[in-house]
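One structure below.
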Amino acid sequence: MSDARALAEIKRLASLGRVDYPAHALERMDERGVERDDVIRALLTASRARWQSNHGTWCVEGGIDRAGDDLTVIVVIEADLVVITVF
């Protein structure tokens, strides 16, 4: 899948609220003061997605959280988005 197509699919799934947060992601979000609404906002405002073949994940960059701060989200695209971590 191309980066552009992945970004479009990520935004589509995020806009539908089809985002899963495994325990690891929730722990990292809590450590970093990031809420689910911040993740959704960052995914919807992201400007690029890069495939990370060594991890089998997409690095979603260029998005901002509700406070306007940069937020990078690592996801896997399955039937829904699965958030792996945020930073």
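The values are calculated or read from the model by the stated rules, or taken from the named source; none is laboratory data. The shown structure was predicted, so the numbers you read here are calculated from the model rather than taken from an experiment. Cβ placement follows ideal geometry from the backbone for every residue including glycine, while neighbour counts extend to all protein chains displayed.
In the set Gly68, Gly63, only one residue is at positive phi, without any contact (Cβ under 8 Å) to a residue 24 or more places away in the chain and not hydrophobic (A, V, I, L, M, F, W, C); that residue is Gly68.
Within the range 5-22, the set of residues being in contact (Cβ under 8 Å) with a residue 40 or more places away in the chain and more than 12 Å from the chain's Cα centre (by Cα) comprises Pro22 only.
Take the conditions of a type in the set (A, V, I, L, M, F, W, C), touching a Phe, Trp or Tyr at 6+ places or on another chain (Cβ under 9 Å) and modelled with pLDDT of 95 or more and apply them to Ala6. Does it pass? Yes; evaluated as a whole, the condition is true for this residue.
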